[in-house]
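**Q** Before I ask anything, here is the structure I am working with.
Values in this text are rule-based calculations from the coordinates and carry no lab data. Source: prediction; values computed, not measured. Cβ coordinates were reconstructed from backbone atoms using ideal geometry, including for glycine residues, and neighbour counts include every protein chain displayed.
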Amino acid sequence: MSKNDIEPAGSHPIWPLAPQTGGALALPQGWAPQPSGGGILPTDLNLATLWRVVSEWRWLILGTVAVGLAGAIVITFLTTPLYRAQVMLEINPPQVEAVDQSKVSRGGGEGYFDQRAYLATQIGLLQSKNLAERVAEDLNLVSNPSFAPTGADRATRKKIAGGRIAGGFQAKVLQDSRLIQLTYVSPSPALAAQIANSYADNFINSNLQRRYESTAYARNFLEKQIAKTRAELEVSERQQVAYAQAHGIINTAGGDNAKGSDTNSIQGASLIALNQALADAQTKRIIAEEAYRSESRVGTTSEVNESTAPLRTERAQLESQYQEKLASFKPEYPDMVRMRSRIDSLDQQIRREAGQVSNGLSNSLLARFRAAAAAERELQGRVNGLKSAVLGLREWSIQYNILQRSVDTNRALYETLLERYKQIGVAGGVGANNVSIVDGADVPGVPFKPNLILNLLIGLGLGLLSGIGAALALEFLNDTVKTPDDVRDKLRLPSLGVIPKKKGAEAIAEELKDQSSALSEAYFSLRTSLQFTTDSGAPRSLLITSTRAAEGKSSTTLALAQNFARLGNRVLLVDGDLRKPAFVTGLEPDEGLSKLLTNHDALENHVLNTQFENLSLLPCGPLPPNPAELLASPRLKAILADAISKYDMVIVDGPPVLGLADAPLLAGVCRATLLVIESGKTRTKAALDAITRLNASGGNIVGAVLTKFHARSHGYGYGYGYGYEPYRYGGVGSRDREIKLLAQRES
């Protein structure tokens, strides 16, 4: 036999083949050989992983949910009921203006009103300590022992009561509106309504008072300016009067239009009056003179006609009658003669009356003319005298007008300040209130806290979150290999099989007799996977080891050996654990692997037949004091080469990897190594360290098998669809139990 019959894994690694028509073992996606010293890849927290964790730790999660619900119920019944009263206020921008509307900019600039800032300011004022203390004073809560201690002074009790009231008060602006909702919470429903309403009333009162006090500075300033201006006005008026008295100036102006003219003085006014009288006198004199001269030339017809009008009327009537009768009577008729005589008499009277009127009128017109001329001469003299007086007064009026302007300026300033003072007084004192109560607070009928439904939902949510969080923490803090996905993702090894956990106490050999059990089916699947790990089928020499003890390594070894033997292969099972052998036969331990390693006996002298057809056993033999030294000798390779030449397959049951050098030594001489991992017990770091040691020794790890697997707790269904019940026959046995085989020496 050549050296090629023994192929150490490190010298000729053979990996699982790609899927073929014959059903070769499939590689996991992204799988690659794990290098020496490789680390763990982080597990993605996806829905499948979360469901597996929740399913595995369901009782913990249900327990935390129950605790959360119970806590919610207890808190609900132990919490003091709280009542909430609400008041709705409407707040509008201030409308009172103390200046001219025409001077206020529209739509922006200096007059722009920021509603958001204004409402935020009102919220701050509502939540102020001053308002809370006013409410405490208004409701006399300062004397209430529930709000303030009775032993302190009133100022201290007022602050304490205000602080406690503010603690239950809340104000907020309703979105996109000018409405503010005031809320007060108290164990007493009546007190909650009283305090909420008192907050609204005191806020309105304080708002009015604050608006009035906001003009106090302006009023004080204007009062000082008014007093100063009044004094200056009095001084200027006194100076003007004194100057006018000193120079005899009397102002007779009736309005502002006469200021600065000569008519402001008596002299000026007299001159104007005399000028007017002189003009009238001249007019009268001219009229009288014209009337006199016309009479002298022509006479006065109108006066004559007026004086003789009755006589002429009578004459005209008689003349008319005379002419009428002349048609009937002759002029010599007596009546006609009398009428003519009367007409002639009237003509004489008319001529006499006209002469008398003409002479009298001439004398009257002359006298009137002379009187008008005399009046004109007198007025002309007085006018000439006043002209010089007015010219002198004009020079004195320059200083008088200066004093007059000073008086007018001070008077205008005084009147402006006084008007402004009145406007500020009106704006600060009687301005319209911009805060109004929309809805007052009513006494609440039911408490709003505690809310049993809300508390139960919160307790349920907190319990569920706490349970899931605790499950995730326990799951990931306990970093063990639990599922086939962990084998592929964390260890980067192919998962060749999954063996369910054994529930009963029956021996593994007895359970394997039932080939329809879930345990047998699992090992059939593992055997099939091993048949596709090399290009020539199952490896001729296979080491089965684990990270630590009691992971089901020996049970897996027996099950695989028995399954390969059923296929007609001559299988040699080698008990390679020289420290704690798993396979016992009841014969004296004089033959076995430990003996072969110390001498050159033939292999067949130490091999025992078992009750299973085609399955032979090379027991451990006497326990040596130095197992690692024996396994490190070249004799081990020779024994294994001899066994491979005589048997179709050699399966070695090795010791655990960690803490011992035995398993790496065995892995170096076997063609393939199968790593057994107990689900939920083997830590990832320990498994990775074991893989690193096996790779470092030249071992060829073809994959891993997961034992003692809780399929349902990890979200997996176990079965093949043929009606087999997964857990009817239990699973892998415990490591510390010996596996008894009926063995005899080969003939």
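**Q** Which order results if E234, E475 are arranged by neighbouring Cβ count within 10 Å, fewest first?
**A** E234, E475
**Q** Also: Under a point spin-label approximation (7 Å from Cα along Cα-to-Cβ), what is the L460-R340 distance to one decimal in nm?
**A** 15.6
**Q** Using Cβ contacts closer than 10 Å as the measure, can you line up W57, W51 from fewest to most?
**A** Going from least to most buried by this count: W51, W57.
**Q** Amide H of T480: which non-local residues (sequence gap of 5 or more, or other chain) have their own amide H closer than 5 Å, using H built in the peptide plane?
**A** Those qualifying (amide H under 5 Å, at least 5 residues apart or on another chain) are T684.
**Q** Say a paramagnetic label sat at a point 7 Å from the Cα of F448, along Cα to Cβ; which residues of the stretch 78-92 have their backbone N under 20 Å from it?
**A** 79-91, by backbone N distance to the label point.
**Q** Cβ neighbours within 10 Å, averaged per peptide: list 605-615, 542-552 in order, most packed at the top.
**A** On the way: 605-615: 18.2, 542-552: 25.0.
Output ranking for 605-615, 542-552: 542-552, 605-615.
**Q** Sort 442-450, 140-148 for me by packing, meaning the mean count of neighbouring Cβ atoms within 10 Å per residue, highest on top.
**A** 140-148, 442-450
**Q** Further, regarding this structure: Sort the following peptides by mean Cβ neighbour count (other Cβ atoms within 10 Å, averaged over residues), highest first: 624-630, 598-604.
**A** 624-630, 598-604
**Q** Right, something else. Holding the Cα-Cα limit at 23 Å, pick out from K502/K681; K513/K681; K129/K172; K580/K708; K482/K580; K490/K513 the pairs that are longer than that.
**A** Table pairs above 23 Å Cα-Cα are K513/K681; K482/K580; K490/K513.
**Q** Collect residues whose amide H, placed 1.01 Å from N in the peptide plane, falls under 5 Å from the amide H of K449; neighbours closer than 5 in sequence don't count.
**A** Sorted by chain and number, the residues that satisfy this are L82.
**Q** Quick one: of K646/K685; K159/K449; K228/K422; K501/K646, which pairs are farther than 29 Å apart, Cα to Cα? List each step's numbers first, then the result.
**A** Details: K646/K685 39 Å; K159/K449 27 Å; K228/K422 17 Å; K501/K646 35 Å.
Cα-Cα > 29 Å for K646/K685; K501/K646; rest within.
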